[in-house]
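Undergrad: Have a look at the structure that comes next, please.
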Amino acid sequence: MARRSLVVTGERWEVYPSGRTTVYPRDQFGLLFEHGTGSARRRRVTRYAPVGSRWPQHALLELSDAELLSLFHQSQPAWTAPEAAYAAH
């Protein structure tokens, strides 16, 4: 699975495709942003529609750092998203 790292306000976040599909799996998909481990872990989720590659792993690698940061700022807490099973951690 493709993974990327992103530093936001001094914190390192791991980013990877959520794996959850919709009825339009090649049009848009989810990204999970994860910081920390165990009970201190924080997760955020966003969906996006790639312009280049239609496969989540390739599309994630094609994103620039600025685009990835923009998606992070559009993300929502994991407990609000089905991609993270509405889990707080």
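Undergrad: Just want to confirm a number: the relative contact order over the range 4-84, from Cα pairs under 8 angstrom separated by 6+ residues, in percent.
TA: 28
Undergrad: Residue by residue through the range 57-66, what is 3J(HN,Hα) from phi via Karplus (6.51 cos²θ - 1.76 cosθ + 1.60, θ = phi - 60°)? Round to whole Hz and write x for glycine and proline.
TA: Using θ = phi - 60°, the values come out as 5, 6, 4, 4, 5, 7, 5, 6, 4, 5 Hz.
Undergrad: Across the chain, how large is the tail of the calculated P(r) beyond 17 Å, expressed as a percent of all Cα pairs?
TA: Value for the chain: 44 percent of Cα pairs lie more than 17 Å apart.
Here, each number is a calculation from the coordinates, and none is a lab measurement. On a predicted model such as this, the values are computed, not experimentally measured, just so you know.
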